[in-house]
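The structure appears right after this line, and notes come after that.
Where a number appears in this text, it was derived from the coordinates with a stated rule and is not lab data. Keep in mind that this is a model prediction, so the values were computed, not measured. Cβ: placed from backbone, ideal geometry, glycine included. Neighbour counts: every protein chain shown.
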Amino acid sequence: MSQPPKRSAAATFGSAHGIGVLCGLGAGAWLGAAEAPTKLVNTGLSPYAISLCMVAGVFTARWTLPILLKGTRQVFADLAEHKHLIPIAILAGMLWAVANTLTVFAIRDVGLAIAFPLWNTNSLVGILWGRLLFGELKGASGANVAKVLLGALAIVGAAIMLGFSTIHGGGPHAGRAAGGVLAAAGASLLWGTMYVPYRKAYISGMNPLSFVTVFTIGELGAVFALAFALDRTSTVAIISSAQTRPMLFWLFLGGFVWVVGDIFQQYATKYLGIGRGIPLSNTNQLWGLAWGALVFGELAHADAAHRLLVVVGSLVMILGALAVSTAIATEREHASTNDALQRECDRYGLDSVRVLEAYRGTPHNGREFHRDWWDYVILACAVGVFVWLGVQARMPALAMNLTWTAVLSLALVVTAAVCAWKLWRATRFA
């Protein structure tokens, strides 16, 4: 059996951990911002149609960002080498689609304030699957186990506090509350399970940028089927109506934002594992609250008790994220990960050296491809879609603080720049 390399582009496990933490926090910022376009449901648009249009934006972005960063030759070469993972990636996309649909029912029946923290318990589901299937935390020190578990619990608890901080009277329909809770719990289970294909792909040496291009096929197909099966009339109306077309740009933009966050989330899962990556990306609720409170004024009429929940919840979430981010895996825990990696190599006949290089972020020598002319055609088409929609766009009929919109948007740009620079410098997006 071939011996793994002594060094990688990430240099050490500690630096790989740092990259994963940075990407997890960056994912939280972008995934939180992606919730902002869902405010368009308050303008009377169908939740199913909103979800479909956002996923169309997701599809456009998922097939262009990887091409921009790596080129189609490298993406398809990676897919050809890992053909056995293509069905798994499609399945992951379908799991996301069903979970996202369940959140529509949860929001309808119990409200976003209660539903959001309920489905964010997916971090606990992820920790369980990571331990059972991939040996995560096996061999970890007691201190690291405590940091991950208590940090994840703190983030979930903080999410609950932040959720209740947005409740200002009025409750859900009593007859629907139980169904809404079950829907949110189902979304949590599916979203926690969705990370299992992620992790399986990365310990097999697949590049996250390649994985997301296939993921979106299952994602778009399932959302399209659900939207037309459950709300055909409203879905057709939003696509064909000239009155709703000015809103499509914002929904596509929301999908683009979500993709950037998900790519960072993929790298966090790759370098940290499920148990550490999900809790860090679940800080998205903190950013979602910032957009809701500062841009849309959701806490403008909150009383002192609700404002106190915001402060305490924010601090608890920060402390939880700090605990998870400092739980650097020990050599014994890395040995468990290497065992899982070797099992994948033995099962599918993969080169263990190359898989370990890919897992640690080392670009394969001689496998860098130049972009071809069709890469630029694809990018031009994607930009053309956004330009076409942007020309027709109109500001939505929502009260917004444009100053805070600019500030938070700048924070997103800075976050993305820092994460992308770090990934490029250490791994060349390998």
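Compared with the alpha-carbon gap, the fully stretched path from R425 to R347 is longer by 24.8 nm at 0.36 nm per residue. Taking square-rooted eigenvalues a ≥ b ≥ c of the alpha carbon gyration tensor, is region 283-391 rounded, prolate or oblate, where a/c under 1.5 means rounded and, failing that, a/b exceeding b/c means prolate? Oblate, because a/c is 1.5 or more while a/b does not exceed b/c. Place a point 7 Å from the Cα of L133 along the Cα-to-Cβ direction; which residues of region 333-360 have their backbone N under 20 Å from it? Backbone N within reach: 334-350, 356, 359-360.
Sorted fewest first by neighbouring Cβ atoms within 10 angstrom, F228, F264, F59 come out as F228, F59, F264. In summary, the aspartates and glutamates within cross-link reach of K147, defined as a Cα separation below 16 angstrom excluding same-chain residues under 8 places away, comprise E136, E333. When each of D303, D78 is scored by the number of other beta-carbon atoms lying within 10 Å, the sequence from fewest to most is D303, D78. Using the Cα coordinates of region 19-427, the gyration tensor eigenvalues translate into equivalent-ellipsoid semi-axes of 32, 27, 19 Å, sorted from longest to shortest. For region 54-163, the normalised intensity computed at q = 0.19 Å⁻¹ comes to -1.11 (log10 of I(q)/I(0), Debye sum over alpha carbons, equal scatterers, no solvent).
Just check region 267-338 against the gyration tensor rule for me: Cα atoms, a ≥ b ≥ c as the square roots of the eigenvalues, rounded for a/c under 1.5, and otherwise prolate or oblate depending on whether a/b exceeds b/c. Cα axes put region 267-338 in the prolate bin.
Residue order for I67, I278, fewest other beta carbons within 10 angstrom first, comes to I67, I278.
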